[in-house]
Amino acid sequence: DYQIHCRPAHGFHHVLSMTGNISEFTRVMKRQRISGNVDTPEGGLDAMLQAAVCQRAVGWRSEAKRLLLLMTDQPSHLALDSRLAGIVTPHDGRCHVENNIYTGSTRMDHPSLGQLSDKLLENHIYPIFAVEKKQYQWYEELVNLLPGSFLGKLGVFQAPNLIDLVVDAYKRLLSEVALSVSVEDKAVSRYWVSVSPLCPHGSIAKDQGCSGVHPGQAVYFNITVGQHSCADDGEDEDVTMLVRPVGYNESTVIRIHSKCECKCGPVGQCDGNDQSPCRGSQDGVTQEQRPDHGHMKDSISDPNRNCKADGSNVNCSGRGVCECGKCVCEQSRLGVVYGKYCEMDDFSCSYEKGLLCGGRGVCVSGECMCEDGWTGDGCGCPTPETICQSPDGLLCSGRGRCVCGKCVCDDPQHSGDFCERCLTCQLTQQSPCKSVDCHRSQGLSQNEAKLCNTTCALYVGSIKDVSERVSCGRLVGTFLCVCAMTLLCGLVVVAVSRLLLQRRGMPRGGAAADLGYPCTGKVSTQMSPHECSRLLI
């Protein structure tokens with residue numbers, strides 16, 4: 001039935017909101033059909049994200065613990081997979097369900113694991129993966145990147161197996177208590193957070209939580225927040241930090257006020273006669289005592305001005321820290337970040353034949369700065385147009401453009417390395433023809449018109465006339481051939497008939513009257529010799 005009842009390919013369809021009507025649930029489930037596509041991975045992560053963020057369509061209750069079950073026998077598409085279809089717009093993490101159909105499949109990339117993880121935590125959803133055993137390893141690596149997720153292996157999709165899986169996941173949700181702590185995006189690079197759980201008796205500390213917690217037991221957490229540096233403008237700032245238990249629809253907002261306007265000198269002392277420590281230092285510790293956390297800003301002058309490229313308001317291109325007026329570039333697992341403003345690296349630009357920028361340039365702010373004589377995204381295109389110069393000295397024989405060291409012909413009729421070939425015309429470079437109606441000799445001298453009609457016979461304007469002449473000639477030729485064949489056939493018939501008559505009129509050892517001819521025997525006496533001869537003829 002797969003070939004007959006397969007649904008068209010789609011990203012995600014929302015078929016039923018939360019309901020307590022088991023009959024309706026069963027009816028809708030039985031009505032579903034599978035869909036097919038040309039590749040193996042499915043849109044499971046897209047569906048999970050939409051189910052998490054489309055609160056109204058799905059019908060999540062604010063007071064309920066939320067479990068999201070994904071049942072599949074194949075891996076899922078990940079972020080960047082959509083590049084194969086020419087889709088490069090990242091997913092925005094929002095709900096795009098219209099009339100119960102996900103509308104973002106052809107407009108946005110698949111969500112990343114980090115994005116999906118944030119949305120699941122933000123909406124207090126506990127994911128459960130019920131997968132076929134052949135795909136267990138793929139999803140086993142996946143759940144390690146999704147906090148609070150649970151994985152189950154199913155040989156076959158049967159109700160008892162799914163029930164056990166959901167019940168086990170729910171028990172684990174109750175027995176594992178973990179915290180997720182996040183600082184708002186604008187300040188996340190300037191703060192550090194440490195979480196230490198205090199697990200009750202009988203439970204085990206695990207990462208930022210406890211496992212094996214029994215009902216009625218409480219878990220306490222020590223949360224330490226530190227600051228690496230102040231904001232770029234050196235002003236005081238208020239930052240919020242969100243603390244939530246994983247899988248629960250509860251959260252706590254912590255507001256942090258950073259005091260940075262203390263007008264500190266370079267050694268951590270206040271400017272002027274007052275030699276007391278800066279009031280803005282944390283926990284009474286001066287900046288001089290905590291050099292690893294960076295110096296606080298002077299509100300009068302901007303010591304970071306030497307760390308900003310012209311036209312940029314970001315220190316060190318956003319890829320380093322400014323120390324003493326110089327950029328110290330960050331380390332990356334992808335490669336080396338370097339340059340006065342950390343604007344260069346050896347990994348973020350296009351590659352040509354396995355080499356960054358083709359080995360003919362350097363990578364600056366994500367773009368290749370090519371050496372002289374080369375251009376293109378990966379510095380793979382030679383710039384001298386002499387490469388496209390035809391033997392007659394013209395660029396692409398005057399019939400095309402030089403693109404990346406190769407001629408691109410303006411007219412598809414022309415081909416060759418220099419657009420010098422034309423299978424349908426004999427156009428010479430010296431021809432005065434410039435118009436598709438050149439055969440009409442408009443505005444040309446007599447000699448030019450003669451040359452034009454000779455060399456441009458197959459221009460679009462001439463083709464019509466030539467085609468008409470050729471068509472008329474073919475009709476005349478066909479008519480003459482038919483006439484000739486008819487005449488020839490008539491002559492052959494007459495010759496054969498005459499030959500047969502002559503053979504039948506010859507006597508063979510007896511009187512001609514025996515053959516019944518009217519001019520022999522007794523019959524001949526009834527006709528004159530003239531009539532008899534005329535009859536024989």
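Shape verdict for segment 54-206, please, from the Cα gyration tensor: rounded (a/c under 1.5), prolate (a/b greater than b/c) or oblate. Because a/c hits 1.5 or more and a/b fails to exceed b/c, segment 54-206 counts as oblate. Once you put a point 7 Å from the Cα of SER312 and another 7 Å from the Cα of ASP168, both along the Cβ direction, what distance in nm separates them? Each label point lies 7 Å from its Cα, and together they span 5.1 nm.
Taking a sphere under 14 Å around the Cβ of ARG66 and counting the other residues whose Cβ falls inside, with K and R at +1 and D and E at -1, yields a net charge of +1.
With each label modelled as a point 7 angstrom along the Cα→C-beta vector, the LEU78-SER211 pair spans 2.3 nm. Neighbours of ILE87, meaning other residues whose beta-carbon lies under 15 angstrom from its beta-carbon, give a summed charge of -3 when Lys and Arg score +1 and Asp and Glu score -1.
Annotation for segment 369-422 versus segment 38-104: alpha-carbon center distance of 46 Å. Over segment 53-135, all Cα pairs binned in 5 Å intervals from 0 give whole-percent P(r) values of 3, 12, 18, 22, 24, 15, 5, 1, 0, listed from short to long. Spacing of the modelled spin labels on ILE223 and GLN502, each 7 Å from Cα toward Cβ, amounts to 12.6 nm. A 1.4 Å probe, protein heavy atoms only, puts the accessible area of ARG27 near 120 Å². Under 17 Å from the 7 Å Cα→Cβ point of LYS186, by amide nitrogen: which residues of segment 118-136? Counting only backbone N, you get no residues. Please give the residues of segment 107-127, grouped as numeric ranges, whose backbone N is less than 19 Å from a label point set 7 Å along the Cα-to-Cβ vector of ALA64. The answer is 120-127. Let me make sure I get this right: for segment 375-415, a, b and c are the square roots of the gyration tensor eigenvalues over alpha carbons, sorted descending. Under 1.5 in a/c it's rounded, otherwise prolate if a/b > b/c, else oblate. Which is it? The shape class here is oblate.
For segment 115-249, which whole-number percentage of the solvent-accessible area (1.4 Å probe, protein heavy atoms only) is attributable to carbon and sulfur atoms? It is 51 percent, rounded to a whole number. I need the shape label for segment 144-223. Rule: rounded when a/c is under 1.5, else prolate if a/b > b/c, else oblate, with a, b, c from the alpha carbon gyration tensor. Here segment 144-223 falls in the oblate category. The slack in the chain from MET369 to ASP233, taken as 0.36 nm per residue of separation less the alpha-carbon distance, amounts to 45.8 nm.
The values are calculated or read from the model by the stated rules, or taken from the named source; none is laboratory data. Worth saying up front: this structure is predicted, and the values here are computed from it rather than measured. Neighbour counts run over all protein chains shown; Cβ positions are idealised from the backbone, glycine included. Ligands, DNA and RNA are stripped out before the accessible areas are found, and what is left, the full protein with its side chains, is counted by its heavy atoms. Shrake-Rupley method; radii C 1.70, N 1.55, O 1.52, S 1.80 Å.
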